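As structure tokens, the structure follows; a few thoughts come after it.
The values are calculated or read from the model by the stated rules, or taken from the named source; none is laboratory data. What you are looking at is a predicted structure, and each value in this text was computed from that prediction instead of being measured. Backbone-built Cβ (ideal geometry, glycine too); neighbour counts: all protein chains shown.
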Amino acid sequence: MSQPQLILIPGLLNDAELWRDQVADLACVARPVVADITQGETLAALAQDVLAIAEPRFALAGFSLGGIVAQEIMRIAPERVDHLALLDTTMLPDAPEREAERRRLVAQAGNRGKFHGFGEKLLQTYLAPENLQNADMAERVRGMTERLGPEVFIRQSLIDRPDSRSSLRQIVCPTLVLCGSEDVLTPPDLHRKMAVEIPNSQLVIVPDSGHLTPIERPDAVSGALRLLLARK
């Protein structure tokens, strides 16, 4: 039997570097492909960009904004997804204060003179406290921020985040719901609620990790994805 295609969807201001370790770790059990969600201006457009590189049947993992895109794919093409992983993401729309903060950051990103240092602010909320001094992790985040730039940040930030709670119960394939124990952007409690709503799901809370689990705890993420792909 041929190995399954595994499409990995990055999050906001992330590129293939986010999934670097998982691409290497899972090559023995799957054919990992990293999707590009930097071009579309709507959630539906991002989902179609992912489906354009997908085989008729595939496994799907989405991180943060990528997890929101993955949920959209499960609404429009659920019959094509064999296994699903939702990492450090949400099924909720932005609260008014979060929407206001997002628009403030968009306005700031429009000032090119300020955007170069934007990755430093992201680090404070993305990484667990014990990882804030990890130079390699910080450099990976800075590199993605600089490569993608303000235009991608603005475009992705303005994507509508819908209320997906009603569609979670329609997901029937084996599903992994995973987040870092120190994730302050999409906390563990949110993922516990998500896992309860998805019938065939397993919840994994990764210790000593903030929001960026694929970078902060790559072995734990790869191991959880490997177990997911083995589920029937």
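What are the residue pairs meeting all of these: first residue in segment 81-106, first residue more than 30 Å from Glu55 (Cβ to Cβ) and without any contact (Cβ under 8 Å) to a residue 60 or more places away in the chain, second residue in a loop (DSSP other than H, G, I, E, B) and among the hydrophobic types (A, V, I, L, M, F, W, C), Cβ atoms under 7 Å, and 6 or more apart or on different chains?
Filtered contacts from segment 81-106: Val106/Leu158.
Of these, Arg217, Arg226, Arg155, which one is farther than 20 Å from Leu13 by Cα and among the basic types (Lys, Arg)?
Arg226
Inside segment 68-90, can you point out the residues that are part of a helix (DSSP H, G or I) and either of a type outside the set (Val, Ile, Thr) or in contact with a His (Cβ under 7 Å, 6 or more places away or on another chain) (or both)?
The answer is Ala70, Gln71, Glu72, Met74, Arg75, Pro78, Glu79, Arg80.
Find all pairs meeting these conditions: Cβ atoms under 8 angstrom apart; at least six residues apart or on different chains; first residue within segment 205-232 and closer than 14 Å to His83 by Cβ; second residue among the small types (Gly, Ala, Ser).
Pairs found: Ala224/Ala85; Leu225/Ala61; Leu225/Ala85; Leu228/Ala59; Leu228/Ala85; Leu229/Ala30; Leu229/Ala59.
For Ile68, are the conditions met, namely being of a type in the set (Val, Ile, Thr), surrounded by 21 or more Cβ atoms within 10 Å (Cβ to Cβ), touching a residue at least 40 places away in the same chain (Cβ under 8 Å) and touching a helix residue (DSSP H, G or I) at 6+ places or on another chain (Cβ under 6 Å)?
Judged against the criteria, Ile68 is not a match.
What about Val184, is it in a loop (DSSP other than H, G, I, E, B) and either among the aliphatic types (A, V, I, L, M) or in contact with a strand residue (DSSP E or B) (Cβ under 7 Å, 6 or more places away or on another chain) (or both)?
It is true that Val184 is in a loop (DSSP other than H, G, I, E, B) and either among the aliphatic types (A, V, I, L, M) or in contact with a strand residue (DSSP E or B) (Cβ under 7 Å, 6 or more places away or on another chain) (or both).
Could you check how many residues of segment 194-204 are touching a residue at least 40 places away in the same chain (Cβ under 8 Å) and under 26 Å from Leu122 (Cα atoms)?
The qualifying residues number 1.
For segment 51-67: of the residues being over 13 Å from the mean Cα position of the chain (by Cα) and not in a loop (DSSP other than H, G, I, E, B), which is nearest to Leu87 (Cα to Cα)?
The qualifying residue nearest to Leu87 (Cα to Cα) is Ala59.
Is it the case that Asp36 is in a loop (DSSP other than H, G, I, E, B), among the charged types (D, E, K, R) and at pLDDT 95 or above?
Considered against the rule, which asks whether it is in a loop (DSSP other than H, G, I, E, B), among the charged types (D, E, K, R) and at pLDDT 95 or above, Asp36 comes out as yes.
Suppose we keep only residues that are in a helix (DSSP H, G or I) and within 17 Å of the chain's Cα centre (by Cα) within segment 155-176. Which one would you say is surrounded by the fewest Cβ atoms within 10 Å (Cβ to Cβ)?
Ser157
Give the residues of segment 187-232 that are under 17 Å from Leu60 (Cα atoms) and part of a strand (DSSP E or B), sorted by residue number.
Ser201, Gln202, Leu203, Val204
Could you tell me which numbered condition Arg20 fails, if it satisfies all but one of (1) more than 17 Å from Glu55 (Cβ to Cβ); (2) touching a helix residue (DSSP H, G or I) at 6+ places or on another chain (Cβ under 7 Å); (3) not in a loop (DSSP other than H, G, I, E, B)?
Every listed condition holds for Arg20 apart from (2).
Residue check, Val81 against (1) at pLDDT 95 or above; (2) out of contact with any Cys (no Cβ under 6 Å at 6 or more places or on another chain), all met but one. Which one?
(2)
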